[in-house]
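Input: a single structure, listed below in structure tokens.
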Amino acid sequence: MPTFHAADGAELAYLDFGPRGDIAMLFVHGWQGASAVWLPVMHELSSRHRTIALDLRGFGESNAAPGPYRVETFADDLSALVAALDLDPLLVVGHSMGAAIAQRFAIDRPDAVEGLVLASPVPASGVPFSPKVEAMFRATAGNAENANAWLAALTYAEPTPEARQIMRAAAAATPAHVALESFESWTRLDFADEAATIATPTLVLAPAADRPMTPAFVRERVADVIPGSRLIVIDEAGHYLPLEQPERTANAIARFAGEL
């Protein structure tokens with residue numbers, strides 16, 4: 001994978017496919033994920049669009065990069081990637097924690113973002129898990145058995161062997177300290193007031209079978225917060241929408257891009 005240097009000198013890896021010229025699409029993965037989560041969607045889109053996906057610092061092939069491993073730092077790293085690859089303006093697509101990062105980036109760099117797609121999004125207000133659920137999430141950090149059991153609950157149906165391998169490999173590549181610090185960050189976000197100022201055209205994709213981030217939760221905490229955003233509920237999909245329904249996800253993104 002090619003690499004670039006963030007503002008603090010950290011070396012971060014990314015994927016880059018597709019022709020130059022049309023609007024570029026930057027894909028941001030979620031917690032204990034990696035750029036490979038977006039590969040099926042990128043393959044659907046890269047015949048017409050330049051598609052880039054970053055391994056966030058601490059994750060994937062960027063897992064040796066130093067912290068902090070926080071949503072704000074990840075958003076700063078997107079700015080560095082945009083500058084390094086001259087991507088301005090572009091469409092930013094985020095999944096789960098990556099959707100929170102995409103919102104933060106759109107607030108910090110509205111000049112760089114032509115459109116925003118938030119899939120299975122973590123809200124700008126964070127996610128209020130119970131202590132028991134928080135303990136379950138924390139127990140997945142650095143523990144393959146616990147992580148695999150958690151991942152098995154994130155799809156609507158039995159995933160393909162390829163999708164299962166992508167999810168498990170991404171979680172296995174995430175050091176425990178990175179998982180724990182980033183978990184603390186995205187669960188306790190508090191910038192909903194700023195998200196309400198986002199003027200960028202925004203599409204929100206909510207999997208019908210996501211729990212506990214149900215379509216009703218996503219509507220209230222994300223779509224209703226960002227003025228003028230559009231919500232699409234995708235049936236037969238759990239939290240890992242990009243891997244479970246890549247064609248439908250890509251089609252929704254392509255239609256949205258065509259309207260910008």
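The rows are residues; the columns are (1) assigned to a loop (DSSP other than H, G, I, E, B); (2) more than 15 Å from the chain's Cα centre (by Cα); (3) closer than 21 Å to ALA172 by Cα.
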position: ALA7; (1), (2), (3): yes, yes, no
position: ALA13; (1), (2), (3): no, yes, yes
position: TRP31; (1), (2), (3): yes, no, yes
position: MET42; (1), (2), (3): no, no, no
position: ALA65; (1), (2), (3): yes, yes, yes
position: ASP88; (1), (2), (3): yes, yes, no
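Does VAL127 satisfy being crowded, with 17+ Cβ neighbours inside 10 Å, at pLDDT 95 or above and either touching a His at 6+ places or on another chain (Cβ under 7 Å) or assigned to a loop (DSSP other than H, G, I, E, B) (or both)? Steps first, answer last, please.
Working: crowded, with 17+ Cβ neighbours inside 10 Å: yes; at pLDDT 95 or above: yes; either touching a His at 6+ places or on another chain (Cβ under 7 Å) or assigned to a loop (DSSP other than H, G, I, E, B) (or both): yes.
It is true that VAL127 is crowded, with 17+ Cβ neighbours inside 10 Å, at pLDDT 95 or above and either touching a His at 6+ places or on another chain (Cβ under 7 Å) or assigned to a loop (DSSP other than H, G, I, E, B) (or both).
Name every residue in the range 77-101 that is charged (D, E, K, R) and buried (at least 18 other Cβ atoms within 10 Å of the Cβ), in order of residue number. Working first, answer last.
Here is the first cut: in the range 77-101, the residues charged (D, E, K, R) are 77, 86, 88.
Within the range 77-101, ASP77 is the sole residue that qualifies.
Is it fair to say GLY21 is more than 23 Å from PHE191 (Cα to Cα) and part of a loop (DSSP other than H, G, I, E, B)?
yes
Name the one entry in LEU12, LEU39 that is farther than 23 Å from ALA141 by Cα and either hydrophobic (A, V, I, L, M, F, W, C) or at pLDDT 95 or above (or both).
LEU39
Can you find, within the range 90-118, the residue that is nearest to HIS177 (Cα to Cα) among those that are under 13 Å from the mean Cα position of the chain (by Cα) and β-branched (Val, Ile, Thr)?
ILE101
Evaluate the following for LEU26: is it farther than 23 Å from GLU247 by Cα and within 19 Å of the chain's Cα centre (by Cα)?
Criteria not met by LEU26.
Kindly provide the set of residues from the range 154-171 that are within 18 Å of the chain's Cα centre (by Cα) and among the aliphatic types (A, V, I, L, M), ordered by number.
Answer for the range 154-171, where residues must be within 18 Å of the chain's Cα centre (by Cα) and among the aliphatic types (A, V, I, L, M): LEU154, ALA163, ILE166, MET167, ALA169, ALA170, ALA171.
Please state which of the following conditions ARG104 fails to meet, knowing it meets all the rest: (1) buried (at least 17 other Cβ atoms within 10 Å of the Cβ); (2) not in a helix (DSSP H, G or I).
(2)
Please find, within the range 51-63, the residue that is surrounded by the most Cβ atoms within 10 Å (Cβ to Cβ) out of those that are among the charged types (D, E, K, R) and part of a loop (DSSP other than H, G, I, E, B).
So, considering only residues that are among the charged types (D, E, K, R) and part of a loop (DSSP other than H, G, I, E, B), the one surrounded by the most Cβ atoms within 10 Å (Cβ to Cβ) is ARG57.
The values are calculated or read from the model by the stated rules, or taken from the named source; none is laboratory data. Everything numeric in this text was worked out from a predicted model, so none of it was measured. All Cβ positions, even for glycine, are placed from backbone atoms using ideal geometry, and neighbour counts span all protein chains on display.
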